[in-house]
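Heads up: the structure comes next, in structure tokens.
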Amino acid sequence: MTDPRSSVPPGQPSPPGQPHFGNQQPSPEQWPPAESDRKVVADRLRIAVDEGRLDLMEYDRRLRAAESAGTMVELHSVVGDLPTPAEQVLTQIGEITITQTTVHTPNGPIPLRGAQWLGQDHWHHEQKIATWGIVLAVVLFFCIGPFSLLFLLAKESRYSGTVDVTVSSGSRQYTARIPIQSHQHAHHVHQQVTYARSLSSG
């Protein structure tokens, strides 16, 4: 039996329906889409409907085009005019915003995977006589005499300083200085840093 590959002269295209066995490989854009590729496009179309960019009729038309696309370039053209959806924000630490793949800082983006995180305490708290205690002691002094001075024993905690959160990856680094309002607030910032570490190592 004659090998069909030998019947095609060198440099000539293969007949329709017959694979090409020459030295030139098709570019990735000409590859047939996999089911996973079509699913990505279908998901993007659904997002476009949710965003109000496509009506249901246009969504149906494009979905059928994606299902019938024979090459990757045809498949990509189905969503080529749609903007890339914004990544979901996972958490925010001060002015640092963390999405699914990127750490966004005022100095520029840093890749999330492999990023290093450090949280440092630079805050303290002190106890002072409560302002309301001073007011009551003065106002009531003329009513109850020296007993009003007992209000001066009332204390309130005041916090000052920051928790410095540093994210780095290679030569890129950024530090956010987060003013602390309470002990619970400082604890919350450190919990966020721990969560960010888990995202970078995931």
Exercise. Neighbouring Cβ atoms within 10 Å as the yardstick, rank THR91, THR162 fewest first.
Key: THR91, THR162
Quiz item: Quick one, what does Rg over Rh come out to for the range 111-172 if you take C-alpha atoms and the Kirkwood Rh?
Solution: 1.48
Exercise. Could you please state, rounded to a whole Å, how far the C-alpha centre of the range 29-78 is from the C-alpha centre of the range 116-168?
Key: 60 Å
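None of the figures in this text is laboratory data; all of them are computed from the coordinates on show. What you see is a predicted model, and the numbers here were worked out from it, not measured in a lab. Cβ coordinates were reconstructed from backbone atoms using ideal geometry, including for glycine residues, and neighbour counts include every protein chain displayed.
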